[in-house]
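Colleague: Handing you this structure, nothing more for now.
The values are calculated or read from the model by the stated rules, or taken from the named source; none is laboratory data. The structure displayed is predicted, hence computed values, not measured ones. Reconstructed Cβ throughout: ideal geometry from the backbone, glycine too, with neighbour counts over all protein chains shown.
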Amino acid sequence: MKHFLKLGDLTPEEISELLALADQLKFEKKHGIAHPRLAGKTLGMIFQKSSTRTRVSFEVGMYQLGGAALFLSSRDLQIGRGEPVQDTARVLSRYLDGIMIRTFEQAEVEALAEYGSIPVINGLTDYCHPCQVLADLMTIREHKGTLKNRRLCFIGDGNNMANSLIVGGIKTGMSVSIGCPDGYKPDAAIMEWAAANGDFTCTSDIFAAAKGADVVYTDVWASMGQEGEAAKRAEAFAGYQVSAELMAQTNPGCMVLHCLPAHRGEEITDEVFEAHANEIFDEAENRLHAQKAVMVKLMEK
Ligand code: CP
Ligand code: NVA
């Protein structure tokens with residue numbers, strides 16, 4: 001594994017190794033066992049979009065591993081004034097030991113990896129959010145014991161989260177169902193791959209999608225960069241909500257996850273969110289441990 005660009009690049013064994021390492025690093029942190037495995041190394045973090053969890057968890061994670069992290073806003077970098085990503089990649093490779101990037105186009109992340117000579121980590125694109133889903137899989141395993149044959153249901157927009165959850169879920173042996181409106185389905189190639197490689201369904205009937213679920217997942221109706229479509233989307237997604245009625249379709253003990261930030265009253269009711277807050281904030285915490293595992297795998301030499 002040279003980079004962490006999308007879950008589709010990883011084998012099931014690589015995902016399982018990352019999850020095991022994340023569990024180990026979490027255990028060590030909880031028991032006060034220092035693990036300075038990246039002492040003296042520096043991660044650059046390029047942000048073209050806002051972030052709370054990704055920024056803080058990568059920066060703190062790098063500190064806990066004995067290294068340092070630089071926050072690089074695209075507003076301040078020359079990349080924001082048109083310096084090509086190919087040149088930025090080659091320059092940053094001379095200073096840093098790894099780059100995390102959050103941006104719009106997946107192609108930009110892939111170009112950074114292609115032209116640079118250091119590991120690149122995808123901290124969210126319009127296409128996918130692999131760091132989040134690694135933390136999600138870790139959280140499901142913590143609460144449910146296993147991933148294999150568990151049923152994961154995603155309700156809402158077929159966005160970056162849906163794309164990564166499909167790939168991560170299928171690669172770890174889960175069955176995956178998506179409940180989303182027509183016109184807002186996940187990536188067509190990902191859905192085709194999922195149907196050929198596992199138990200996958202996509203329907204506009206959210207109650208059918210949630211039937212027998214062990215985990216219900218949702219995300220905002222309008223992602224970063226789609227603010228201008230918010231009104232149109234609010235109309236298209238009306239009713240695509242994780243509510244008590246929806247949860248009545250699921251298996252007993254069904255978890256609820258949300259990558260956050262959440263819009264209560266839109267994709268999820270306040271009641272369901274608060275009833276599952278423990279799981280949702282374990283999930284947020286696990287970003288830290290899962291990403292530390294990714295950084296150790298890529299940057300420890
Ligand atoms: N879930 C997530 O990536 O959160 P941030 O946008 O706050 O980083
Ligand atoms: N789909 C959301 C996820 C935020 C973590 C977005 O892209 O804005």
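Colleague: Quick check, is Met138 surrounded by 21 or more Cβ atoms within 10 Å (Cβ to Cβ), modelled with pLDDT of 95 or more, in a strand (DSSP E or B) and in contact with a helix residue (DSSP H, G or I) (Cβ under 6 Å, 6 or more places away or on another chain)?
Modeller: It is false that Met138 is surrounded by 21 or more Cβ atoms within 10 Å (Cβ to Cβ), modelled with pLDDT of 95 or more, in a strand (DSSP E or B) and in contact with a helix residue (DSSP H, G or I) (Cβ under 6 Å, 6 or more places away or on another chain).
Colleague: In the range 107-130, is there at least one residue being in a helix (DSSP H, G or I), buried (at least 18 other Cβ atoms within 10 Å of the Cβ) and within 16 Å of ligand 1 (Cβ to nearest atom)?
Modeller: Yes: one or more hits.
Colleague: Further question on the same structure: Could you list all residues from the range 1-58 that are closer than 27 Å to Ala194 by Cα, assigned to a loop (DSSP other than H, G, I, E, B) and of a type in the set (A, V, I, L, M)?
Modeller: Met1, Leu5, Leu10
Colleague: For the list (1) within 26 Å of Leu96 (Cβ to Cβ); (2) within 16 Å of ligand 1 (Cβ to nearest atom); (3) out of contact with any Asp or Glu (no Cβ under 9 Å at 6 or more places or on another chain), I need the number of the one condition that Glu300 fails.
Modeller: All conditions pass for Glu300, except number (2).
Colleague: Sort out which residues of the range 255-271 are among the hydrophobic types (A, V, I, L, M, F, W, C) and surrounded by fewer than 20 Cβ atoms within 10 Å (Cβ to Cβ), and write them in order of number. Steps first, answer last, please.
Modeller: Taking the range 255-271 first, the residues among the hydrophobic types (A, V, I, L, M, F, W, C) are 255-257, 259-260, 262, 268.
Within the range 255-271, Leu260, Ala262 meet the criteria.
Colleague: Just checking, how many residues over the range 213-247 are loosely packed, with under 13 Cβ neighbours inside 10 Å and either touching a Phe, Trp or Tyr at 6+ places or on another chain (Cβ under 7 Å) or more than 19 Å from Arg264 (Cα to Cα) (or both)?
Modeller: Going through the range 213-247 one residue at a time, the tally reaches 2.
Colleague: Considering each of Gly32, Gly66, Gly8 in turn, give the residue that is under 20 Å from Val109 (Cβ atoms) and either buried (at least 17 other Cβ atoms within 10 Å of the Cβ) or small (Gly, Ala, Ser) (or both).
Modeller: Just a single option satisfies the conditions, and that option is Gly8.
Colleague: Right, another one. Please go through the range 48-77 and give me each residue that is among the aromatic types (Phe, Trp, Tyr) and touching a residue at least 60 places away in the same chain (Cβ under 8 Å), ordered by number.
Modeller: Phe58
Colleague: Residue by residue through the range 76-106, note down the ones that are over 22 Å from Gly225 (Cα atoms), in a helix (DSSP H, G or I) and not polar (S, T, N, Q).
Modeller: Asp87, Ala89, Arg90, Val91, Leu92, Arg94, Tyr95
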